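Colleague: Quick one: the structure is below, questions incoming.
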2 protein chains.
Amino acid sequence: MKTVLTGDRPTGPLHLGHYVGSLQNRVKLQKDHRQFILIADAQALTDNFDNTEKIRTNILEVALDYLAVGIDPKQSTIFVQSQVPELTELSFYFMNLVTVSRLERNPTVKEEIKQRNFERDIPVGFFTYPISQAADIAAFKAHLVPVGEDQLPMIEQTNEIVRRVNRIADRAVLMEAEAMVSTVGRLPGIDGKAKMSKSLGNTINLGASADEISRAVKKMYTDPLHLAVNDPGRVEGNVVFSYLDVFHPDTALVAELKAHYQRGGLADSLVKKHLEEVLQDFLRPIREHRALLAQDLNYVRDMLRIGTQTARAVAATTVDEVKDVFGLGRF
Amino acid sequence: MKTVLTGDRPTGPLHLGHYVGSLQNRVKLQKDHRQFILIADAQALTDNFDNTEKIRTNILEVALDYLAVGIDPKQSTIFVQSQVPELTELSFYFMNLVTVSRLERNPTVKEEIKQRNFERDIPVGFFTYPISQAADIAAFKAHLVPVGEDQLPMIEQTNEIVRRVNRIADRAVLMEAEAMVSTVGRLPGIDGKAKMSKSLGNTINLGASADEISRAVKKMYTDPLHLAVNDPGRVEGNVVFSYLDVFHPDTALVAELKAHYQRGGLADSLVKKHLEEVLQDFLRPIREHRALLAQDLNYVRDMLRIGTQTARAVAATTVDEVKDVFGLGRF
């Protein structure tokens with residue numbers, strides 16, 4: 001049984017983009033993998049020090065989303081990063097194995113520093129987060145780490161550290177991880193932007209109400225040149241069709257709708273009606289499940305505590321092994 | 001009762017330089033301070049990854065030296081840094097509060113990077129060690145930290161972090177530390193170099209045998225121009241006189257010897273005889289005490305374990321307080 005490590009930064013409730021990009025995969029993976037799902041509150045702090053309350057409250061929101069979509073705490077270990085201090089310990093020792101110039105060359109870090117306008121005022125915790133991420137992965141001896149293309153350098157960095165430790169130990173103490181690059185295309189935002197992102201306000205949350213879903217579909221980006229119903233319309237870049245492709249179970253019907261839309265004579269409102277139906281049907285059980293769980297937050301808290309205990313035990317074993325490689329603790 | 005944090009990197013047994021520069025002060029401080037003494041094995045690793053065995057074995061050597069000179073585990077808490085994982089956790093969160101450019105400006109780090117010829121290949125763990133040191137100091141809410149002049153920027157860095165945490169918390173969660181700069185001059189090496197240092201091979205260890213002491217005094221640097229006994233000799237820069245100043249209880253006799261040496265007519269061998277007597281008398285009880293303790297290393301190990309437990313409990317309280325400031329753990 002292979003081990004998977006995955007997770008999310010608790011900076012907001014999860015949305016359809018998360019479902020398509022990772023959650024549905026986790027629901028599948030948990031059946032025949034040992035899956036650890038990390039709620040990365042400590043990592044989220046590295047660039048949210050001005051808003052710790054946001055992170056605090058979203059831990060439970062994210063946990064609710066996990067459970068609502070069918071992640072099963074009996075099959076997956078869901079845990080809170082900041083409650084596993086062993087990860088900071090591993091991170092601390094890994095810092096001796098990476099040079100400053102190696103971190104500076106990490107393309108993901110470079111890009112994110114640019115995006116966040118940090119320039120020279122990069123917090124050290126942000127600069128070193130590839131090492132912390134390597135510790136997260138190595139602590140659980142993960143075989144597989146689901147990532148986007150842009151995260152591949154992080155896996156490379158992890159494996160460099162893993163090989164370094166194993167070389168010092170002269171045996172395979174840690175496990176090299178394999179990136180599991182998603183084959184599913186990214187779900188666009190409802191505004192047509194490439195990425196659904198809460199900061200862009202173009203998301204549909206997994207806990208969205210019927211009304212919110214309805215409004216989101218109404219606002220959805222279609223073909224801006226499809227002015228009259230009888231005009232031929234474009235389906236490429238038309239968010240409504242992108243979503244139908246992903247969520248409509250009847251692919252033949254979707255193909256028919258596409259052809260009709262391209263010919264002309266199919267109103268946006270009609271296509272959107274199809275999509276709304278599908279999204280309402282898809283999100284209703286998730287929302288209802290989520291609402292039920294939200295009535296018993298102590299159950300969710302207990303689930304996180306138990307998961308965190310399990311995760312700590314695993315990470316502690318790895319930390320002991322790594323410290324033993326460096327001769328720490330034997331005196 | 002004020003709290004003192006102090007310690008040593010276990011990279012070798014301690015020597016007379018350590019005694020004069022810090023150990024004798026600790027023996028005094030423990031009487032009316034709450035003193036934590038850290039054996040910094042984790043920090044020593046940052047630039048000793050190629051020689052972990054050295055660090056491992058020297059933990060007990062350093063502990064033996066402490067006990068032998070009169071540091072009393074009932075009055076001082078002696079602990080092993082790597083066995084207090086709370087310190088890495090605090091360090092991890094502190095990393096969010098310091099920028100990369102701030103670290104680059106730290107004069108102590110700059111100087112040490114130069115000394116170690118790291119250039120661009122600085123291990124991240126070495127680059128960030130001022131943050132780790134800040135965590136050590138803050139974890140114990142130390143009021144006083146004995147340091148050399150060259151370490152003052154480290155205390156400044158610590159207090160910047162402390163103030164930042166307190167500002168976020170809007171109350172004094174952590175304690176600003178005060179540098180306690182030694183007024184005692186540095187003991188020169190037996191070769192006349194300014195500093196006694198094991199890497200220069202110019203030390204007299206606290207556990208030195210009678211023979212080793214005798215040989216060290218014989219080799220000791222005097223006045224190279226004092227060729228014939230009747231020549232006038234110089235006492236400035238003459239290591240034998242520097243040591244007599246520090247160790248001889250009879251200051252009048254030392255003044256007389258100096259005057260005679262300066263006039264001419266006093267042989268180096270005679271001055272050295274005085275010094276050897278004094279050093280043998282000074283080091284004999286330390287050596288004997290040390291040898292006795294070395295026969296019961298399990299006692300020393302237990303002492304370290306108990307000290308480490310005490311230190312962990314204190315550090316854990318601080319970590320909980322700091323995590324609470326950041327809202328971590330409450331969900």
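Matching residues to (1) outside any helix (DSSP H, G or I); (2) within 14 Å of chain B (Cβ to nearest Cβ):
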{"residue": "A:Y261", "(1), (2)": "no, no"}
{"residue": "A:G265", "(1), (2)": "yes, no"}
{"residue": "A:H274", "(1), (2)": "no, no"}
{"residue": "A:R330", "(1), (2)": "yes, yes"}
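Colleague: Let me confirm something: among A:I113, A:I122, A:I137, which residue is among the β-branched types (V, I, T) and touching a residue at least 60 places away in the same chain (Cβ under 8 Å)?
Modeller: On the way: A:I113 fails: touching a residue at least 60 places away in the same chain (Cβ under 8 Å); A:I122 fails: touching a residue at least 60 places away in the same chain (Cβ under 8 Å).
Sole residue among the options that is among the β-branched types (V, I, T) and touching a residue at least 60 places away in the same chain (Cβ under 8 Å): A:I137.
Colleague: Still on this structure, please answer the following. For B:T318, are the conditions met, namely being within 30 Å of B:V84 (Cα to Cα), out of contact with any Ser or Thr (no Cβ under 9 Å at 6 or more places or on another chain), surrounded by 15 or more Cβ atoms within 10 Å (Cβ to Cβ) and among the polar types (S, T, N, Q)?
Modeller: Values: within 30 Å of B:V84 (Cα to Cα): yes; out of contact with any Ser or Thr (no Cβ under 9 Å at 6 or more places or on another chain): yes; surrounded by 15 or more Cβ atoms within 10 Å (Cβ to Cβ): yes; among the polar types (S, T, N, Q): yes.
Yes.
Colleague: I need every pair where a residue in segment B:44-57 that is facing chain A (nearest Cβ under 7 Å) has its Cβ under 7 Å from the Cβ of a residue that is loosely packed, with under 15 Cβ neighbours inside 10 Å, sequence separation at least 6 or different chains.
Modeller: Going by the 7 Å Cβ cut-off, the qualifying pairs are B:R56/A:R330.
Colleague: Return only the number of the condition from (1) more than 10 Å from chain B (Cβ to nearest Cβ); (2) crowded, with 24+ Cβ neighbours inside 10 Å that A:N106 does not satisfy.
Modeller: (2)
Colleague: How many residues does segment A:222-264 hold that are within 27 Å of the chain's Cα centre (by Cα) and among the hydrophobic types (A, V, I, L, M, F, W, C)?
Modeller: Total satisfying the criteria: 6.
Colleague: Go through segment B:82-103 and give me each residue that's closer than 23 Å to B:V4 by Cβ and facing chain A (nearest Cβ under 9 Å).
Modeller: First, pick out the residues of segment B:82-103 that are closer than 23 Å to B:V4 by Cβ: B:82-91, B:94.
Within segment B:82-103, B:S82, B:Q83, B:P85, B:E86, B:L87, B:T88, B:E89, B:L90, B:S91, B:F94 meet the criteria.
Colleague: Please enumerate the residues belonging to segment A:35-53 that are in a helix (DSSP H, G or I) and hydrophobic (A, V, I, L, M, F, W, C). Spell out the reasoning first.
Modeller: Initially, segment A:35-53 is screened for residues in a helix (DSSP H, G or I), giving A:41-45, A:52-53.
Those that are in a helix (DSSP H, G or I) and hydrophobic (A, V, I, L, M, F, W, C): A:A42, A:A44, A:L45.
Colleague: Filter segment A:252-301 for residues that are within 22 Å of A:V69 (Cα to Cα) and among the polar types (S, T, N, Q) and give the result.
Modeller: Listed by number, the residues that qualify are A:Q280, A:Q295, A:N298.
Colleague: Right, another one. Just a yes or no: is a residue in segment B:21-34 at the interface with chain A (Cβ under 9 Å from one of its Cβ atoms), of a type in the set (G, A, S) and outside any loop (DSSP other than H, G, I, E, B)? Even if it seems obvious, please write down each step before you answer.
Modeller: As a first pass, look at segment B:21-34 and keep what is at the interface with chain A (Cβ under 9 Å from one of its Cβ atoms): none.
Checked against the condition, which is being at the interface with chain A (Cβ under 9 Å from one of its Cβ atoms), of a type in the set (G, A, S) and outside any loop (DSSP other than H, G, I, E, B), segment B:21-34 yields no hits at all.
Colleague: Okay, moving on. Here's a check for you: in segment B:109-144, which residue that is of a type in the set (G, A, S) and touching a helix residue (DSSP H, G or I) at 6+ places or on another chain (Cβ under 7 Å) is nearest to the other protein chains (Cβ to nearest Cβ)?
Modeller: Let us first name the residues in segment B:109-144 that are of a type in the set (G, A, S), namely B:125, B:132, B:134-135, B:138-139, B:142.
Still in the running and touching a helix residue (DSSP H, G or I) at 6+ places or on another chain (Cβ under 7 Å): B:125, B:132, B:134-135, B:138-139.
Details: B:G125: 4, B:S132: 7, B:A134: 11, B:A135: 10, B:A138: 15, B:A139: 13 Å.
Applying the filter and picking the extreme gives B:G125.
Every number in this text was worked out from the coordinates using simple rules, so none of it is lab data. Because the structure is a prediction, the values reported are computed rather than measured. Backbone-built Cβ (ideal geometry, glycine too); neighbour counts: all protein chains shown.
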